[in-house]
């Protein structure tokens with residue numbers, strides 16, 4: 001018989017075999033015993049949780065006196081299409097942010113010169129993280 005056993009939130013499938021037990025008495029004459037209740041097979045303990053990755057280095061602080069371009073949601077930067085010192089127009093695509101398996105264009109809200117780019121390709125960002133500054 002097969003059973004599913006839940007242990008620490010993880011499901012394990014176990015197989016139990018039913019047998020007839022024979023009990024020997026003092027005179028060594030076999031005596032039929034009542035059927036034995038099935039016993040679950042030993043279940044391997046779950047593997048230890050992997051160690052947490054070290055925290056990423058803190059990004060540089062944004063410069064004052066400009067328009068901060070922030071992440072609208074958490075995700076990963078797939079591409080950075082601008083650099084510090086570049087001139088951009090309102091609506092130019094500054095970078096691509098992947099979130100929930102979708103590519104989101106991060107566009108310049110205004111025209112100006114990029115003062116600072118605080119992320120690079122492959123960076124993981126949280127909601128409202130400053131990505132770049134336009135001055």
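Points to keep in mind about this one:
- Tally of residues being in a strand (DSSP E or B) and within 12 Å of residue 74 (Cα to Cα) across segment 108-135: 4
- Every test in (1) surrounded by 12 or more Cβ atoms within 10 Å (Cβ to Cβ); (2) outside any loop (DSSP other than H, G, I, E, B) is passed by residue 103 save one, and that test is (1).
Each value in this text was obtained by applying a stated rule to the coordinates, not by laboratory testing. In this text the structure is predicted, and so the values were computed from the model without any measurement. Neighbour counts run over all protein chains shown; Cβ positions are idealised from the backbone, glycine included.
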